[in-house]
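For reference, the structure is listed below as structure tokens.
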Amino acid sequence: MITKEDIEIERTPSELRQFVTTVKSKINNCEQERHKGMLKEGIYKVFIDEIIPLSLFCIKIYPDNYKISPKLGNQGYDAIVKDENGKIFEYVEITAPHDGRKAANVAKLAVKNGIALSTLRDYNSGSDLIDMFLIIMEVCKKKAKKDYSDCSLVIVIDFSPPFEEEKTKYVQLVKELEKKILKMKFNVKKIYLLITPLDMVEKIYG
């Protein structure tokens, strides 16, 4: 249903977002593929952890006459961004800190019981994001040791979508997280936080 070659096609931000939404729709309409996606099997892991957030980020940040080329592999960036003249504007590195073991267990439970991941809530308001702080900071420490001088580093902050009355609390927690991250020294062009449940992109450095 999805291949490396499909993912790496050069697209505008809107074309990339359309590609992602089309693939997600196809996956959701096939139970076997939907379960593979929930469990992040094979290429679904990179699609979910990198390409979906990349599409959300690019459509908010770049003009639609720019071109995005996702790159799968270990080359030190996840996408090449070209400007309207076809010249390389910058590289993008996506990192999505998460508790892999916990996420895998939750996904297995959801597949077994036939329920949506987004409906599983076992925490008080904000506690899920607070619990992620340590994991996020550990990932940031690793990224701070690398040379991303020609890259925009996009840190994906993901959690279950909050209820409307909880959003203010989550925004405050994101601000606390920004302060913690900015205490670290990075060799990077820019740093963004992509807070997917709040549909927010915050440039915090550069």
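Tell me yes or no: at least one residue of region 40-57 is more than 22 Å from Leu194 (Cβ to Cβ) and either buried (at least 17 other Cβ atoms within 10 Å of the Cβ) or polar (S, T, N, Q) (or both).
Scanning region 40-57 turns up no residue that is more than 22 Å from Leu194 (Cβ to Cβ) and either buried (at least 17 other Cβ atoms within 10 Å of the Cβ) or polar (S, T, N, Q) (or both).
Just to be sure I understand, how many residues within region 58-92 are within 28 Å of Ser160 (Cβ to Cβ), touching a residue at least 60 places away in the same chain (Cβ under 8 Å) and buried (at least 19 other Cβ atoms within 10 Å of the Cβ)?
The total comes to 2.
Based on what the data block shows, is Ser160 free of Cβ contacts under 8 Å to residues at least 60 places away in the same chain, part of a strand (DSSP E or B) and of a type in the set (Gly, Ala, Ser)?
Taking the combined requirement at face value, the residue does not satisfy it.
Please verify whether Cys140 is under 21 Å from Ser55 (Cβ atoms) and either of a type outside the set (Gly, Ala, Ser) or surrounded by 14 or more Cβ atoms within 10 Å (Cβ to Cβ) (or both), treating the condition exactly as stated.
Values: under 21 Å from Ser55 (Cβ atoms): no; either of a type outside the set (Gly, Ala, Ser) or surrounded by 14 or more Cβ atoms within 10 Å (Cβ to Cβ) (or both): yes.
No.
Please enumerate the residues belonging to region 1-20 that are within 16 Å of Lys45 (Cα to Cα) and either in contact with an Asp or Glu (Cβ under 6 Å, 6 or more places away or on another chain) or surrounded by 12 or more Cβ atoms within 10 Å (Cβ to Cβ) (or both).
The answer is Met1, Ile2, Lys4, Asp6, Ile7, Glu8, Val20.
What is the residue count in region 179-199 for residues that are closer than 22 Å to Tyr91 by Cα, of a type outside the set (Phe, Trp, Tyr) and surrounded by 15 or more Cβ atoms within 10 Å (Cβ to Cβ)?
Of the residues in region 179-199, 9 are closer than 22 Å to Tyr91 by Cα, of a type outside the set (Phe, Trp, Tyr) and surrounded by 15 or more Cβ atoms within 10 Å (Cβ to Cβ).
Looking at Cys140 and the list (1) more than 21 Å from Asp199 (Cβ to Cβ); (2) in contact with a Lys or Arg (Cβ under 7 Å, 6 or more places away or on another chain), which single condition is not satisfied?
The single condition Cys140 does not satisfy is (2).
Identify, please: which residue in region 32-60 is among the small types (Gly, Ala, Ser) and closer than 14 Å to Met1 by Cβ and is, among those, farthest from the chain's Cα centre (by Cα)?
Looking at the filtered set, the residue picked out is Gly42.
Go through region 143-158 and give me each residue that's surrounded by fewer than 19 Cβ atoms within 10 Å (Cβ to Cβ) and either of a type outside the set (A, V, I, L, M, F, W, C) or more than 21 Å from Val92 (Cβ to Cβ) (or both).
Answer for region 143-158, where residues must be surrounded by fewer than 19 Cβ atoms within 10 Å (Cβ to Cβ) and either of a type outside the set (A, V, I, L, M, F, W, C) or more than 21 Å from Val92 (Cβ to Cβ) (or both): Lys145, Lys146, Asp147, Ser149, Asp150.
Laboratory data are not the source of any read-out in this text; all were calculated from the coordinates shown. Predicted model, so just to flag it, every value in this text is computed and none were measured. When we count neighbours, we look across all protein chains shown, and the Cβ atoms used for this are built from the backbone with ideal geometry, even at glycine.
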